[in-house]
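Everything on this sheet refers to the single structure shown next.
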Amino acid sequence: MTPTFIYGTAWKKDATTELVQTAVKAGFNAIDTANQPKHYSEWLVGEALEALAAEGITRDSLFLQTKFTPLNGQDDRVPYDPQADLKTQVLQSFERSLKQLKTDRVDSYLLHGPYSYPGLGDEDWEVWSAIEELYRLGRTGMIGISNVNYLQLRALIERAKIKPMAVQNRCYANRGWDREVREICREHGIMYQGFSLLTANVPVLHHPPVAAMAKKLGVDVTQVIFRYAMQVGMVPLTGTTNEKHMKEDLGVYRIMLTEDEVSFIESIAG
Ligand SMILES: NC(=O)c1ccc[n+]([C@@H]2O[C@H](COP(=O)([O-])OP(=O)(O)OC[C@H]3O[C@@H](n4cnc5c(N)ncnc54)[C@H](OP(=O)(O)O)[C@@H]3O)[C@@H](O)[C@H]2O)c1
């Protein structure tokens, strides 16, 4: 199943279990998490999946994505041996993810962020090759990378044995909504997942022409942003903690922006 809208589980802490269940029952069929206790409670996503399965919503009906988070993104709860070589770190983190998520495979596995900037370095290649191995073994349906710039993405596409199939990036209007990276994704058939579409773009939410589009469609301006994202080929993420917002977010499937409206939002610089 290819997702078109993903429910994100960052920063939910103890509410994670209940919120994941609420989101799935509201209609979300894709869940994003990470093996990064600092920001995500992956084991509580697992509890939610177990509770949902007991109610007949099986693991197979859901798209499940998690991430390998390098040491510099972890707090003292590192979910792998920090002294081990990078390949071992990835494999340990992956096995821990499966255990926490109470599953035997994930649908997508991402490198949470490159080690080097602005290009890729030796550590990135070592970790990517471990991620490729997980894909080869059929333990994840897709592999990808997050927080990546266009130079890094181009390098990965050119040199990797198995090319990334998903990219997950923060999407700022005032940086062209990450157009360069999106363009590469489009060219290579890579799923582009956009996050912080609301929080990174507060001025857009207050922009009068965007508010007018929402009024015309009889929806909230947040839906206009998510709909814009879908119409330009993104798979948006939402991390709302509010059931009403979840339902509003899913209302994007019932609206359509005109080409002019999409081009207008695409051209807004924050
Ligand atoms: N790869 C990475 O490094 C990375 C980094 C950050 C995030 N992510 C992923 O992306 C997910 C989403 O994060 P995000 O940064 O996009 O933001 P977010 O956590 O979804 O925050 C959205 C904010 O907008 C508010 N909001 C108001 N109306 C809303 C509506 N109708 N729908 C949705 N939100 C509404 C939410 O408040 P309410 O709760 O009151 O609705 C919330 O405070 C995360 O959970 C995580 O899975 C990944």
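Summary of values
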read-out	value
Per-pair calculated FRET efficiency, R0 = 35 Å: A53 and L151 via Cβ, rounded to 0.05	0.25
Expected 222 nm ellipticity per residue - DSSP helices of 4 or more, -39500 (n - 2.57), all of the chain, to 500	-13000 deg cm²/dmol
Region 194-240 - percent of accessible surface contributed by carbon and sulfur, probe 1.4 Å	63
Residue-normalised accessible area of region 53-167, given per residue in Å² at a 1.4 Å probe	45
Lysine pair number, Cα distance threshold 25 Å (strictly under), region 1-107, separation 8 or more or different chains	22
Phi to ³J(HN,Hα) by Karplus 6.51 cos²θ - 1.76 cosθ + 1.60 over region 231-245, Hz, x for Gly, Pro	5, 9, x, 7, 9, x, 10, 10, x, 4, 9, 10, 4, 5, 5
S267-D60 pseudo-label distance in nm [points 7 Å out on the Cα-to-Cβ vector]	4.9
Accessible surface of region 61-116 [probe 1.4 Å, protein heavy atoms]: carbon and sulfur percent	47
Long-range HN-HN contacts of T241 with modeled amide H, under 5 Å	none
Candidates D122, D32, D178: whichever shows maximal mean-square fluctuation once the chain is modelled as a Gaussian network with Cα springs under 10 Å	D122
Residue among L134, L101, L257 with the largest mean-square fluctuation in a Gaussian network model of the chain, springs linking Cα atoms under 10 Å	L257
Nearest-10 value in Å² for the accessible area of F28, using the 1.4 Å probe	10
E248 accessible area, assembled protein chains, probe 1.4 Å, Å²	50
Extension gain, M256 back to K25 (0.36 nm per residue minus Cα-Cα distance, nm)	80.8 nm
Per-residue HN-Hα couplings for region 205-211 [Karplus 6.51, -1.76, 1.60; θ = phi - 60°; Hz; x = Gly/Pro]	5, 9, 6, x, x, 6, 4
Label-point separation, D14 to Y135 (7 Å along Cα→Cβ), nm	4.0
Within region 51-140, trypsin sites (Lys or Arg not before Pro) in DSSP loop having at most 14 other beta-carbon neighbours inside 10 Å	R77
Residues with amide H under 5 Å from that of A166, placed H, sequence gap 5 or more	I143, G144, I145, M191
Heavy-atom accessible area order for Y80, Y150, largest first, 1.4 Å probe	Y150, Y80
Gain upon complete extension [S196, D85; 0.36 nm per residue less C-alpha separation]	36.7 nm
Amide H within-cut-off set for V235, under 5 Å, with H built and near neighbours excluded	Y192, Q193, G194
Å² of accessible area per residue within region 212-260, as computed with a 1.4 Å probe and no ligands counted	50
Label-point separation, K163 to R77 (7 Å along Cα→Cβ), nm	3.8
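The values are calculated or read from the model by the stated rules, or taken from the named source; none is laboratory data. If you're wondering where the values come from, they're calculated on a predicted model, not measured in any experiment. Cβ coordinates were reconstructed from backbone atoms using ideal geometry, including for glycine residues, and neighbour counts include every protein chain displayed. Remember, those area values only see protein heavy atoms, side chains included, never the ligands or the DNA or RNA. Shrake-Rupley method; radii C 1.70, N 1.55, O 1.52, S 1.80 Å.
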